[in-house]
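In what follows, a structure is listed as structure tokens, so that the remarks can point back to it.
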Amino acid sequence: PDEEVLEILEQEINVKAVEWQKGSELKVELDTQLTPELEAEGKAREVIRQIQNLRKAANVQVDKLVDVELPEWPEEWEEQIKVKTKVKNLSKGSTAKII
């Protein structure tokens, strides 16, 4: 299959990569090992969801930059979190809130 088909498969079955091997039978193998990188990505997605919920609860306009206080977040994902949630500054605090 072409790259477009593989990309659709990745999105539909929510995996990082699809490897296609020619053969006579259909076989599916899943690597379910959680690496530290995958765990950090999962935490980042949860933080993004949490910030979006805070923005919604506070009726913050979609394009407005905000400052957010959080107990923790994966440091290696900080820039992606800020971009995806329109956060100007992330700071440590005891609870999650827009400041």
Inset, instruction - Confirm whether residue 33 is free of Cβ contacts under 8 Å to residues at least 12 places away in the same chain, polar (S, T, N, Q) and out of contact with any strand residue (DSSP E or B) (no Cβ under 8 Å at 6 or more places or on another chain). - result: yes
Inset, instruction - Just give me the residues in the range 68-77 being open to solvent by 30 Å² or more (accessible area, probe 1.4 Å) and closer than 23 Å to residue 14 by Cα, in sequence order. - result: 76, 77
Inset, instruction - Could you please let me know if residue 47 is β-branched (Val, Ile, Thr) and touching a residue at least 12 places away in the same chain (Cβ under 8 Å)? - result: yes
Legend entry - Options 38, 65; residue that is in contact with a strand residue (DSSP E or B) (Cβ under 6 Å, 6 or more places away or on another chain) and either within 26 Å of residue 10 (Cα to Cα) or surrounded by fewer than 16 Cβ atoms within 10 Å (Cβ to Cβ) (or both): 65
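The values are calculated or read from the model by the stated rules, or taken from the named source; none is laboratory data. Model, not experiment: these values are computed from the prediction. Backbone-built Cβ (ideal geometry, glycine too); neighbour counts: all protein chains shown. These area figures cover heavy atoms from the full protein model, side chains too; ligands, DNA and RNA do not enter into them. Shrake-Rupley method; radii C 1.70, N 1.55, O 1.52, S 1.80 Å.
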